[in-house]
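Please read the structure below before turning to the comments.
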Amino acid sequence: MTLTAATRIAGVVGQPIAHSLSPVLHNAWLQAAGLDGAYVAFGIEPGRFSAFVEGFRGGTLAGVNVTLPFKTDALAAADEVSPRAAAAGAANVLVFRPGGSVTADNTDGVGLLYAFTRQAPGFRPDRGPLVIFGAGGAARGAAAAFLEAGCPEVRVLNRTRSRADDLAALFGPKVRALDPADPAALGDAAALVNASSGGLGPEAPPPPDFAAAPAGAVAMDMTYKPLRTPFLAAAAARGLTAVDGLDMLIGQAIPAFEAFFGQPPPAGLDVRALVLRILGEAQ
Ligand code: NDP
């Protein structure tokens, strides 16, 4: 690939950023589509995010994906915010418009529903309650996406109860905060989504007691390193359908690619297989 002055550039901003898989996805799509574009990673120091955005206003950078810890900063830096980014309280996509304005979107919810479509075909968010483990930005985005898709009730279970209460207060009566040990929390759940970032280290909470969940429920973990997390292993041992976080990553990148490069990713390229090879995971 030859980069020229006309090459359309987009990227991902975060800290740390070295292990981001977004450049792998977007550059594979660019190459397969034969587009004159490139996608790079920007690691910036906390506190420098708004300076970063101001520096690219009206410039030649098409846009950026935004990851931890800048998703709420991204929302604040934008001139226009999509309804789904406003509902999620965070943005993972910023687009730099030619006139100098910046628009924010949140495609994580699209990615979450894409993962369910791919790995739990036939599942519908309006089937029953969603249980979310965690109450951070990703949990908030998950609640927004499921409610928008017709989910009747969302239950939020979080280590810090006050954050679950805050999330519930934000959305109103369809969202309830429950104690993680509440025996009623998992009963009649249609979906169980792990949106906690603490799933793997020595401090990790034990997986929930999936025996309390209905046999037809679907369990999804946003973490994809490793692909089969303790949460998903416990769900599969109970016989639940398990959905991993990698398709969420791919699903959130699809509308971002279109926003940056003006067309959807090319069909037919198996980016999941590509990323699995990089992660050292079997397909
Ligand atoms: P936040 O930092 O906003 O929230 C983290 C959440 O995890 C909080 O609810 C926190 O609880 C909880 N938590 C952290 N450590 C522990 C622990 N040891 N025990 C119990 N709970 C814990 O992160 P995000 O919401 O932005 O992201 C959550 C996860 O989702 C991350 O792993 C992220 O990588 C992943 N993600 C994946 C995506 C994908 O495309 N697959 C997209 C977006 C996110 P408390 O409030 O008590 O601190």
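Under 5 Å between amide hydrogens, built in the peptide plane, is the criterion, and for VAL12 it picks out VAL40, ALA41, PHE42, ASN65 among residues at least 5 positions away or on other chains. Summary value for the chain: 16 percent relative contact order, contacts being C-alpha pairs under 8 angstrom separated by 6+ residues. Using a Gaussian network model of the chain in which every pair of alpha carbons under 10 angstrom is joined by a spring, one finds that among ALA212, ALA139, ALA18 the greatest mean-square fluctuation is at ALA18.
Once you divide the Cα radius of gyration of the chain by 2.2 N^0.38 Å, the number left is 1.00.
On the beta carbon distance between GLU80 and ALA33, with R0 = 35 Å, the FRET formula returns roughly 0.80.
Report the net charge of residues surrounding VAL175, where surrounding means a beta-carbon distance below 9 angstrom and charges are Lys +1, Arg +1, Asp -1, Glu -1. Around VAL175, the charge tally is +2. Over the residues of the chain, the helix contribution to mean residue ellipticity at 222 nm works out to -10500 deg cm²/dmol, using -39500 (n - 2.57) for each DSSP H run of at least 4.
Placing pseudo-labels 7 Å out from each Cα toward the beta carbon at ASP188 and ALA6 gives an inter-label distance of 6.1 nm.
When DSSP beta bridges are restricted to pairs lying wholly in the chain, around 20% turn out antiparallel. Dipole orientation for the chain: of the candidates ALA87, ALA10, ALA120, ALA120 has the Cα lying most toward the positive pole (charges on Cβ; Lys, Arg +1; Asp, Glu -1).
When the chain is treated as a Gaussian network with alpha carbon springs shorter than 10 Å, the biggest mean-square fluctuation among ALA195, ALA144, ALA32 belongs to ALA32. Dipole magnitude for region 9-130: about 320 debye, using +1 per Lys or Arg Cβ and -1 per Asp or Glu Cβ, origin at the Cα centre. From the Cα gyration tensor of region 109-244, with a ≥ b ≥ c the square roots of its eigenvalues, which class applies: rounded if a/c is under 1.5, or else prolate if a/b is larger than b/c, or else oblate? Rounded is the answer for region 109-244, as its axis ratio a/c remains below 1.5.
Report the charge-dipole magnitude of the chain in Debye, nearest 20, computed about the Cα centre from +1 at each Lys and Arg Cβ and -1 at each Asp and Glu Cβ. Let's see the in-between values first.
On the way: 21 positive and 24 negative charges, 34 e Å.
Approximately 160 debye in magnitude.
A short reminder: the numbers here are calculations on the coordinates, not readings from a lab. Given the structure is predicted, the values throughout are model-derived calculations rather than measurements. As a convention, Cβ positions derive from the backbone with ideal geometry for all residues, glycine included, and neighbour counts pool all protein chains shown.
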